[in-house]
Amino acid sequence: MRRQDQDLFIPLPGKMHARVGKARHPGLLLTRLTPWERRDGSLIKADKRRDFLETIAKAGWDREHLQAIQLRQEAVVKAAVPVAYSTLDLELRTRLALGLACPTPLETGLTMDLLTGLPILPASGLKGLARNWLLQKERITNEDADSLFKDIVILEAFPIDPPRLGLDVLTPHQKDYYQSKGKRPPLDTCDPEPATFLTVEPGTRFRLRMWIRKGTDTKDGALSRLSRISTALATALEQWGAGGKTAAGYGRLMNRTGHGSLDEEMIQVRLRVVTPVFIGGSDPNKVDGHWPLRPASVRGVLRDWFRRMMADLIGQGNEKAWSGNLFETEEHVFGSSAGQASRLLVESPSKPKFDGADTPVGRTPAGIAYLGYGPYRYVRGKGQVQHAQAIFPGQDIEFCMRFRWRPGDGEKIKEAVRDLVLGSLWLWTHLGGLGKRTRRGFGSLWVTDVKGPVPDAWAKQFGPLADMEALKKRILEGLRQAQASFSDAATKILGSDAVSTEYHARWGYSSLARSQAVIVPTATAKGEKAWEKALDDIGLRYKCFRSTLDRRRFSDLPPLEDYFTVKDFLLERTKKLKDKSIPRAAFGLPLQFYFRSVRNQTAQVQAVRPEEDRDGKLDRRTSPLVFKLIPVGDQVMTLVLYMPGPLLPDGAKLRLSTLGGRRQEELEVPNDEIIRKFLEQLGKK
């Protein structure tokens, strides 16, 4: 904030900088004093978002100041001479993200008191939350609500003790799809865009005061009304939460003054960690200490697998109609920022143990190191180093999913939403994972127990497996159950005309249409370290198929054909590049080649948008190949899933370039023949 760097500053008159540099008001810093930098002769917002937010989070408050605010509110209550008066002491159990949409230069905000900069719970939001709870849970009418809340006064809830601010992160993977409300389709070429934002940390205590004005009711009647509203508000804050992202577990407050809580329909899930889970918070390489297994991340993977199944079942039509219908069905379950609230709430999971970052791990098995590129790195003098923190395998993690029904929801809609949620949970835990490198076997989780309102058809699709035949049966029956449930639910939401009984491959999106799977048993992989043997085994098979050196060394096979294509490019034999492609790009992009035989040169393969859309970004393409490790008895087996789909959007091409882009060549997009050869090779062993 202070003018330590001549290129980073606050654009104010020079005499103001000394005063501004001493500012401790978080609200003022966030909304008015965002640092800027000079670039190409222009002023732009500085690209130091995280550092700036950390500066705000460190701003503190004096305890005497907070006590003075509480005394002032007590004086206001006494001066009002209320008929009935109530106080709620609320303790924040999970992070509070209130006022994310508040306009700030960083485009994410936090609701703070204008004068003090303290985070607050606005009175209007609290009153609206209590009213909404009574309308939905107790089925009162709007007229009854007007009478119940007549002459009720609610003050803003201020912190009792100095609050702690912290940093959290949003990482939308398909931003265009969400922002366009389904007008643009979800693509596997979309790049995740993390955005750090401020939150209020758990443990912060707020005091809420409410009363009924003098002379409007008898004392007994006023006390009864106030008690009913207090109970409703306390229960809503505990089960629904306050602020933004409540569907992902944010904003849960526990009432410490004794009001009871009503039971909500809930499904409890217990997961077993099979392989290390590399999942970060605001720092991508460190596990979030408050939420090691983040509810927002759980919701994100549930949505992803929801789309990969539902995308195939939406009926024929153009791309815009298909994408819009997909968004509508997704909104019915998960809600949207511009539409209805989510019907699914994911509660904070338990806190598993995790290890440290930048930890030397000795001689990591070659297959695991190959699959874990990124989280595992080779450092000269240290050997293999685990660069990112990870949640240990072998632990059990519990979380719960609540249903928040909307007014007018009938049994058909409730049944459809339950089936969609359970189907998404099954797809995620049987086919996918969580965190970094999930498509290469890391982050594998397995459901060991499910409790709650679970239909028998789904209940038998979860739990332990005895042998390989049981695994095959589970995958086939589970996919059939998911397809039937999703098709029925989509019919209830969209109508029969919009739903197809057949799978359809869709625009640039790897879904479950015509998917292919191979189960790779590892007979010697037993006990606590079974996952290491299984992951190393599939990693070595994958490495020996793709790597030229390993093909020669272990399999006595010739290099893949694109080895010669890239080598000719580096040697500037451009005539040999005509009608050539890079088949290994089918495994995912970007892709790098390193040639010791050509003066240690490096080439990279990236995607290029069509000519009419060259301004748009196309930095990556998610791999359509997924490795999933599954516990079977005392062994761990690997499920290799291939989800076909167009590698790139229509008109896009591959760009082969030298490191730095000095020379470039555009090549055709390959087909998926190389992936099918790999699966065929796995099936033979």
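The values are calculated or read from the model by the stated rules, or taken from the named source; none is laboratory data. Computed from a prediction, not measured in an experiment: that's the story for all the values here. Neighbour counts are summed over all protein chains in view; Cβ atoms, including those assigned to glycine, are modelled from backbone coordinates with ideal geometry. Heads up: the accessible areas ignore ligands, DNA and RNA and are worked out on the full protein's heavy atoms, side chains in. Shrake-Rupley method; radii C 1.70, N 1.55, O 1.52, S 1.80 Å.
Conditions (1) under 29 Å from Thr275 (Cβ atoms); (2) in contact with a helix residue (DSSP H, G or I) (Cβ under 6 Å, 6 or more places away or on another chain), marked per residue:
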| position | (1), (2) |
| --- | --- |
| Ala586 | yes, yes |
| Leu591 | yes, yes |
| Pro631 | yes, no |
| Val669 | no, no |
| Glu680 | yes, no |
| Lys684 | yes, no |
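Scanning the range 177-214 for residues that are without any contact (Cβ under 8 Å) to a residue 24 or more places away in the chain and either among the acidic types (Asp, Glu) or part of a strand (DSSP E or B) (or both) turns up just one, Glu193.
Scanning the range 455-497 for residues that are closer than 22 Å to Arg343 by Cβ, touching a Lys or Arg at 6+ places or on another chain (Cβ under 8 Å) and open to solvent by less than 50 Å² (accessible area, probe 1.4 Å) returns a single hit, Gln461.
Condition check ((1) among the hydroxyl-bearing types (Ser, Thr, Tyr); (2) under 18 Å from Val421 (Cα atoms); (3) open to solvent by 10 Å² or more (accessible area, probe 1.4 Å); (4) at pLDDT below 90) across all residues:
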| residue | (1), (2), (3), (4) |
| --- | --- |
| Ser282 | yes, no, yes, yes |
| Trp305 | no, yes, yes, no |
| Met309 | no, yes, no, no |
| Gln316 | no, no, yes, yes |
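Identify all residues within the range 60-91 that are in a loop (DSSP other than H, G, I, E, B) and small (Gly, Ala, Ser); write none if there are none. Across the range 60-91, the qualifying residue is only Gly60.
Scanning the range 533-556 for residues that are open to solvent by 40 Å² or more (accessible area, probe 1.4 Å), at pLDDT 90 or above and over 17 Å from Val626 (Cα atoms) gives a single hit, Lys533. Of Leu114, Leu106, Leu96, all but one fail to be open to solvent by less than 10 Å² (accessible area, probe 1.4 Å) and either more than 24 Å from Leu53 (Cα to Cα) or in contact (Cβ under 8 Å) with a residue 24 or more places away in the chain (or both); the exception is Leu96. Test Leu135 against the criterion of being in a loop (DSSP other than H, G, I, E, B), touching a Pro at 6+ places or on another chain (Cβ under 8 Å) and open to solvent by less than 60 Å² (accessible area, probe 1.4 Å), and give yes or no. No, not satisfied.
Kindly indicate the residue of the range 513-532 that is open to solvent by 30 Å² or more (accessible area, probe 1.4 Å) and within 13 Å of Val274 (Cβ to Cβ) and also modelled with the highest pLDDT among those meeting that condition. Out of the qualifying residues, it is Glu532. Residues that are modelled with pLDDT under 85 and either of a type in the set (Asp, Glu) or open to solvent by 50 Å² or more (accessible area, probe 1.4 Å) (or both) within the range 366-401 comprise Arg377, Tyr378, Val379, Arg380, Gly381, Lys382, listed in sequence order.
The residue that is surrounded by the most Cβ atoms within 10 Å (Cβ to Cβ), among those in the range 227-236 that are over 11 Å from Asn255 (Cβ atoms) and small (Gly, Ala, Ser), is Ala232.
Taking the criterion of being assigned to a helix (DSSP H, G or I) and of a type in the set (Asp, Glu), would at least one residue in the range 571-579 satisfy it? For the range 571-579, residues assigned to a helix (DSSP H, G or I) and of a type in the set (Asp, Glu): absent.
Among the residues making up the range 56-93, those that are exposed (fewer than 15 other Cβ atoms within 10 Å of the Cβ) and of a type in the set (Asp, Glu) are Asp62, Glu64, Glu74.
In the range 215-226 there is at least one residue matching the filter, namely being open to solvent by 10 Å² or more (accessible area, probe 1.4 Å), outside any strand (DSSP E or B) and in contact with an Asp or Glu (Cβ under 6 Å, 6 or more places away or on another chain). Based on what the data block shows, is Leu53 within 30 Å of Lys351 (Cα to Cα), under 26 Å from the mean Cα position of the chain (by Cα) and surrounded by 14 or more Cβ atoms within 10 Å (Cβ to Cβ)? Yes, satisfied.
Looking across the range 177-212, the residues that are charged (D, E, K, R), surrounded by fewer than 18 Cβ atoms within 10 Å (Cβ to Cβ) and modelled with pLDDT under 85 come down to Lys181, Lys183, Asp191, Glu193. Checking each residue in the range 70-85 for being touching a residue at least 24 places away in the same chain (Cβ under 8 Å) and more than 45 Å from the chain's Cα centre (by Cα) picks out Ala80, Val81, Pro82, Val83. Within the range 583-600, if we keep just the residues that are modelled with pLDDT of 90 or more and in a loop (DSSP other than H, G, I, E, B), the residue that is most open to solvent (accessible area, probe 1.4 Å) turns out to be Pro590.
Selection over the range 601-632 of residues that are closer than 28 Å to Leu682 by Cβ, at pLDDT below 90 and in a loop (DSSP other than H, G, I, E, B) gives a count of 1. Only one of the listed residues (Thr429, Thr448) is more than 30 Å from Gln136 (Cα to Cα), of a type in the set (Ser, Thr, Tyr) and surrounded by fewer than 18 Cβ atoms within 10 Å (Cβ to Cβ). That residue is Thr448. Sub-9 Å Cβ pairs linking a first residue in the range 656-685 that is under 30 Å from Gln516 (Cβ atoms) and open to solvent by 100 Å² or more (accessible area, probe 1.4 Å) to a second residue that is of a type in the set (D, E, K, R) and in a helix (DSSP H, G or I), at least 6 apart or interchain, are Lys685/Arg541, ordered by first then second residue.
Filtering Arg404, Arg439 for residues that are over 30 Å from Pro375 (Cα atoms) and crowded, with 17+ Cβ neighbours inside 10 Å leaves a single hit, Arg404. Look at Lys653 and say whether it is within 30 Å of Lys175 (Cα to Cα), among the basic types (Lys, Arg) and either open to solvent by 40 Å² or more (accessible area, probe 1.4 Å) or at pLDDT below 90 (or both). Spelling it out, Lys653 is indeed within 30 Å of Lys175 (Cα to Cα), among the basic types (Lys, Arg) and either open to solvent by 40 Å² or more (accessible area, probe 1.4 Å) or at pLDDT below 90 (or both). Listed conditions (1) assigned to a helix (DSSP H, G or I); (2) more than 26 Å from Thr638 (Cβ to Cβ) are all met by Leu422, apart from (2). Assessment of the range 567-576 against the conditions (open to solvent by 10 Å² or more (accessible area, probe 1.4 Å) and among the aliphatic types (A, V, I, L, M)) yields at least one matching residue.
Checking each residue in the range 145-180 for being among the aromatic types (Phe, Trp, Tyr) and in contact with a Phe, Trp or Tyr (Cβ under 8 Å, 6 or more places away or on another chain) picks out Phe158, Tyr177. Taking the numbered list (1) of a type outside the set (S, T, N, Q); (2) farther than 21 Å from Gly249 by Cα; (3) in a helix (DSSP H, G or I); (4) open to solvent by 30 Å² or more (accessible area, probe 1.4 Å) in turn, Gly128 passes all entries but (2).
Quick grid of which residues meet (1) among the basic types (Lys, Arg); (2) out of contact with any strand residue (DSSP E or B) (no Cβ under 6 Å at 6 or more places or on another chain); (3) closer than 18 Å to Ala80 by Cβ:
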| position | (1), (2), (3) |
| --- | --- |
| Met210 | no, no, yes |
| Ser224 | no, yes, no |
| Ser227 | no, yes, no |
| Leu233 | no, yes, no |
| Trp240 | no, yes, no |
| Gly243 | no, no, no |
